[in-house]
Amino acid sequence: MSSIWMQREIQWTVHWFKKWTVLQREEFLKELVDKSLPQLPQALDIAMRRLNMEEDPDVFHCQLRLFSEWFEGWSDIEKNGLVEKLKLVDPSFVERLSSILSSIACCR
């Protein structure tokens, strides 16, 4: 996939992020942690929850599912670019993400 398309995916993700509630951002944080460290046991739990989602998911969960699919195709540079853009919108969110990832990495 082209880098231009991936940049658009990142732009959409940031656009959605700006409109999400605090609770939605919390769920997105969990998704980002899961995607950043997919070998964690919680990945299975998240996958199972997705299978049990209602037939008609809300817009937020559709956005989260799209983000999840996109993220898998992004390079590390694009993933870091997303984090930098999120930092401009909500620095405390990115601080929490970094803290969680650091604490998990140091305990391995």
Requested in this report: Look at residue 72 and say whether it is exposed (fewer than 14 other Cβ atoms within 10 Å of the Cβ), at pLDDT below 95 and farther than 12 Å from residue 32 by Cα.
Outcome: no
Report task. Look at the range 88-108 and say how many of its residues are part of a loop (DSSP other than H, G, I, E, B) and without any contact (Cβ under 8 Å) to a residue 40 or more places away in the chain. Result -> 2
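Yes/no matrix, rows are residues, columns are (1) of a type in the set (Gly, Ala, Ser); (2) part of a helix (DSSP H, G or I); (3) at pLDDT below 95:
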site: 50; (1), (2), (3): no, yes, yes
site: 53; (1), (2), (3): no, no, yes
site: 57; (1), (2), (3): no, no, yes
site: 65; (1), (2), (3): no, yes, yes
site: 68; (1), (2), (3): yes, yes, yes
site: 77; (1), (2), (3): no, yes, yes
site: 82; (1), (2), (3): no, yes, no
site: 86; (1), (2), (3): no, yes, no
Query raised in the report: Do any residues in the range 26-37 that are more than 17 Å from residue 91 (Cβ to Cβ) have Cβ atoms under 9 Å from those of residues that are β-branched (Val, Ile, Thr) and modelled with pLDDT under 90, where the two are at least six apart or on different chains, and which pairs are they?
Result: 30/46; 31/46; 33/104; 34/46; 36/104; 37/104
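The values are calculated or read from the model by the stated rules, or taken from the named source; none is laboratory data. Everything numeric in this text was worked out from a predicted model, so none of it was measured. Using ideal geometry, Cβ is built from the backbone for each residue, glycine included, and neighbour counts are taken over all protein chains shown.
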